[in-house]
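The values are calculated or read from the model by the stated rules, or taken from the named source; none is laboratory data. Remember, it's a predicted structure, so these values are computed and weren't measured experimentally. Here the Cβ is made from the backbone with ideal geometry for all residues, glycine too, and neighbour counts use every protein chain on show. Ligands, DNA and RNA are stripped out before the accessible areas are found, and what is left, the full protein with its side chains, is counted by its heavy atoms. Shrake-Rupley method; radii C 1.70, N 1.55, O 1.52, S 1.80 Å.
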Amino acid sequence: MSDNLPAELQRELRLWQQNVNCSLIGHQDLLVSLGQSNYDICTVQEPYIGFNGKSWANSYWRPVYPSLHAPEGQVAHLLLLVSTNVSTNAWAEVPVQSSDITAICLYLEGGRVLFIFNIYLACSHNEALH
């Protein structure tokens, strides 16, 4: 399965995490800063969510939303972006029964699997941990 990964990802995995505080400008700046190939995975806390209930991505990133959508009247608290440089054969979304957790698994050489979780922990409660 390692043949599915770009050569760079076979050596190292480049991750970026950022809270954009639901800001459109902050979210756009994040996408520009990430560029086409600086990172492989980006975990976003408090992404900008548009009128259609979705966040923004560009042609360089595949968005992964929580398996459970945010409850009525609330917006998603997190988003995971996977670079298009990472083959869709090299990773899969992991269903998690929470609107505050997003997860993927990366298939590594030797049949190994690496799980990456993006967890939103609100200051007022710890529901994502239960």
Could you tell me which numbered condition Cys42 fails, if it satisfies all but one of (1) hydrophobic (A, V, I, L, M, F, W, C); (2) in contact with a Pro (Cβ under 9 Å, 6 or more places away or on another chain); (3) in a strand (DSSP E or B)?
(2)
The correct count of residues that are touching a residue at least 12 places away in the same chain (Cβ under 8 Å) and either in a strand (DSSP E or B) or not polar (S, T, N, Q) (or both) in region 15-39 is 15
Restricting region 77-99 to residues that are under 12 Å from the mean Cα position of the chain (by Cα) and under 24 Å from Asn21 (Cα atoms), the residue that is most open to solvent (accessible area, probe 1.4 Å):
His77
Identify the residue in region 1-35 that is among the polar types (S, T, N, Q) and at pLDDT below 80 and, among all such residues, is least open to solvent (accessible area, probe 1.4 Å).
Ser2
